[in-house]
Amino acid sequence: MPKLMHTGDIHLGMQFKDYPDIVRDKLIHARFVALDHLVDVANQEHCDFFIVAGDLFDHYKPAIKDLQKAAEILNRFEGSGCLILPGNHDHLSDIADSLWEKFRKLCGPRVYILAKAEPVIWNVDDWTAIFYPAPCTKKLSKQNALGWMENHAKNPSEALHIGIAHGSLAGLSYDNQGTYFPMTEAELKGAGMDLWLLGHAHRRYPKKFEPGHRIFYSGTPEPDGLDCPDNGNAWLIRIDNSVKKTVHAQPVTTNCYRFIDVEVKIRNLRDLNDGFNQLDDGKLQDTVVRINIVGHLNSDEMIELNSVIDSMAKRSLHLKIDKSRLSMTLSPDQIDKEFTRHSLPNKILHRLATNSSDGEALQLAYELICAERDS
C-alpha cells in the first residue's frame, strides 16, 4: 500500500521583521524544526514519498545557510523519493545559478526538483506512480499551470496518477484578484488524477477527511501570522491499490508555536484580565497573541492599563494590543475640568453621563465637542 507525506508552504527563511529579535529567532527556527519533524514522522511511517507542494522557501533568493539546512533535513528521508514543487514564492527563475540549481547540488539522490511540466514516472516494488507537477514560473499569474496535463492521465492504467500543484482553489482559498494560479475543483477532477496534492492555502483541506476525498491542501506545518490561527498541519496519505486506488488520509500536527487574534469587550480592567485568562491553556508561552480591546476605562484604569498589559505580556511568547477601539469613560469631575460649568457642552455631557448606560453616546458626544472645539 503506497504511503506518502504531503506538506507545503513551509516558507523557510521567512524573516518576521515585525517581532523582537528573541521572538523573531524562535519563529524562524521553528520552520526548520517543523520540516525536521515531518521527515522523522515520514521515516517512522515508512513513507514511499515525501511531497512538498510549493513554497519550501519564502522567496527565490534564500540565504545559502537556509539552503544547506533544508538539504540536510530532506536528505534524511529514507523513502523512494522526496519531490519538491517550486511554488509562487520560490518559483523557477531564469537567472544564472538560480535557487533550484544551487539546491540541487546540495541534495542527495532521493531529492527530486519538479522543475518541468512533464510526467515523472517512479517505480516502487510492484507498483508505479506517475506524478504530474505544475511548477510556478513567477509569483503571480491569472492562469494556472495545469494546461499541459490534459489527456495525460485519462488513459486507463494500473499506475497511480498524482497531480501536484500550487495555487488557489475557487471557493476555498482567498484570491480576490485571481492572481495566485487559480484552479477550480471541476478542473482538477476533470484531469483524471487519482489524487491531487496542493499547496498555497495555509489551512488544511479538508478539515476532516471523508472517504472518497481526493483533493488535499496540506496547510502550513508552522503557522506564520495572526491570519493563520490553525495548528501546523500536514497529511499522511495511504493509497490502497487493491481496492480501486482507495485513498486514506490522516492529519499530522507539527507546530512549535501558534497565533491567536481575539477581541475582548471590557468595562473595566478586570474584564481585560478575565478575557486574557480565558486564553491561558498552559501554552501561552508558545503563543503570539493579539488582543483587540473594545470598550471604555475610567481615567485611573487608563493609567493602570500599561502595567496590566506588561503583566500579561510576560505570560505569552509575544503580546500585541490594539487599543484603537478603547476610550476613556468620562466622570463628572473630568467633565467639569475640561468644560466650564453650566456651559452648553458641560450640560450636554453631564446629562449623558447621568442617563447613558453604556457610555457610547457620552463618548461620541465628547469626541464631537472636542473636534468642534479644536477646529
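Here are several values of mean projected area of the Cα convex hull in nm²: (1) 23.9; (2) 27.1; (3) 18.7. Which one was derived from the coordinates shown? Correct label, based on the coordinates given: (1). Surface analysis of the chain yields an accessible area of 50 Å² per residue, using protein heavy atoms and a 1.4 Å probe. Does anyone have the angle between helix 344-355 and the longest principal axis of the chain? Alpha-carbon axes, 0 to 90°, nearest 10? Roughly 70 degrees, rounded to the nearest 10. With the cut-off at 17 Å, report for the range 154-225 the share of all Cα pairs above it, as a whole percent. Percentage above 17 Å: 47.
Short-range pairs are left out: with C-alpha atoms under 8 Å and at least six residues apart, the relative contact order of the range 329-372 is 36 percent. Mind running the shape call on the range 1-120? Use the C-alpha gyration tensor, a ≥ b ≥ c as the square roots of the eigenvalues: rounded below 1.5 for a/c, prolate if a/b tops b/c, oblate otherwise. The shape class here is oblate.
Rounded to the nearest 20 debye, the dipole magnitude of the range 20-73 is 260 debye, with +1 charges on Lys and Arg beta carbons, -1 on Asp and Glu beta carbons, and the Cα centre as origin. When +1 charges are put on Lys and Arg Cβ atoms and -1 charges on Asp and Glu Cβ atoms, the dipole computed for the chain relative to its Cα centre reaches about 340 debye.
Charge dipole (Cα centre; +1 on Lys/Arg Cβ, -1 on Asp/Glu Cβ; no other charges) of the range 112-247 amounts to roughly 220 debye.
Peptides 284-297, 261-274 ranked from most to least packed give 284-297, 261-274, packing being the mean of other C-beta atoms within 10 angstrom over each peptide's residues.
Between Ile113, Met14, Leu297, the Cα set farthest toward the positive side of the dipole of the chain (charges on each charged residue's Cβ, about the Cα centre) is that of Ile113. For the range 22-65, with all protein chains in place and a probe radius of 1.4 Å, 56% of the accessible heavy-atom surface sits on carbon or sulfur.
Cross-link pairs exceeding 18 Å in C-alpha to C-alpha distance, out of Lys26/Lys314; Lys3/Lys69; Lys61/Lys105, comprise Lys3/Lys69.
The Cβ shell under 10 Å around Leu269 holds other residues with a net charge of -3, Lys and Arg each +1, Asp and Glu each -1. Structural descriptor for the chain: relative contact order 13 percent, calculated from alpha carbon pairs under 8 angstrom and at least 6 residues apart. With all protein chains in place and a 1.4 Å probe, the accessible surface of the range 187-323 carries 45 percent carbon and sulfur.
The values are calculated or read from the model by the stated rules, or taken from the named source; none is laboratory data. As the structure is a computational prediction, the values presented were derived from the model and not from experiment. Quick reminder, even Gly has a Cβ in these numbers, built from the backbone with ideal geometry, and neighbours come from all protein chains shown. Please note that ligands, DNA and RNA were not included when accessible areas were found on the heavy atoms of the full protein model with its side chains. Shrake-Rupley method; radii C 1.70, N 1.55, O 1.52, S 1.80 Å.
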